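Enquirer: Before I ask anything, here is the structure I am working with.
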Amino acid sequence: TIGDLDKYSSILQEISTICIKSLTPMIIIGGDWNADPRRNDGRTKLFKVFIKNEQLYNALDLNIADV
């Protein structure tokens, strides 16, 4: 639902704020993102935009990932 997407987007924005305020050159974020890169739903779209905007890398996209 739209409310769920708004909440998900808000959480990603909170994480983005933490990334911006962080003084460390590298950040590792783990967990269940409720997004599947193989899908094209609303959460996954938001997740992909978040990764791009924050210049993060999805570990599943690395050649060594075997999931």
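Enquirer: Please go through segment 5-15 and pick out each residue that is surrounded by 14 or more Cβ atoms within 10 Å (Cβ to Cβ) and of a type in the set (Ser, Thr, Tyr).
Expert: Matches in segment 5-15: TYR8, SER9.
Enquirer: Any residue at all in segment 53-66 that is closer than 25 Å to THR1 by Cβ and either among the hydrophobic types (A, V, I, L, M, F, W, C) or open to solvent by 50 Å² or more (accessible area, probe 1.4 Å) (or both)?
Expert: Yes, segment 53-66 has at least one match.
Enquirer: Hey, another quick one. Can you give me the number of residues within segment 1-31 that are farther than 14 Å from GLY42 by Cα and charged (D, E, K, R)?
Expert: 2
Enquirer: Within segment 19-43, restricting attention to residues that are exposed (fewer than 12 other Cβ atoms within 10 Å of the Cβ) and part of a helix (DSSP H, G or I), which residue is modelled with the lowest pLDDT?
Expert: Here the residue is ILE20.
Enquirer: Could you give me the residue pairs with C-beta distances under 8 Å whose first residue belongs to segment 10-30 and is closer than 13 Å to LEU56 by Cβ, whose second residue is outside any loop (DSSP other than H, G, I, E, B) wherever it lies, and which are 6+ apart or on separate chains?
Expert: LEU12/LEU46; LEU12/PHE47; LEU12/PHE50; ILE15/PHE50; SER16/PHE50; SER16/ASN53; ILE27/CYS19; ILE29/ILE15
Enquirer: When both residues are 6+ apart or on different chains and their Cβ atoms are under 7 Å apart, which pairs have a first residue that lies in segment 32-47 and is at negative phi and of a type in the set (Gly, Ala, Ser), and a second that is open to solvent by less than 50 Å² (accessible area, probe 1.4 Å) and not in a loop (DSSP other than H, G, I, E, B)?
Expert: Sorted first by the residue in segment 32-47, then by its partner, the pairs are ALA35/THR44; ALA35/PHE47.
The values are calculated or read from the model by the stated rules, or taken from the named source; none is laboratory data. Computed from a predicted model, the values in this text were never measured in an experiment. Every residue, glycine among them, receives a Cβ derived from its backbone with ideal geometry; neighbour counts consider all protein chains shown. For the accessible areas, the whole protein counts, side chains as well, though only heavy atoms, and no ligand, DNA or RNA atoms are used. Shrake-Rupley method; radii C 1.70, N 1.55, O 1.52, S 1.80 Å.
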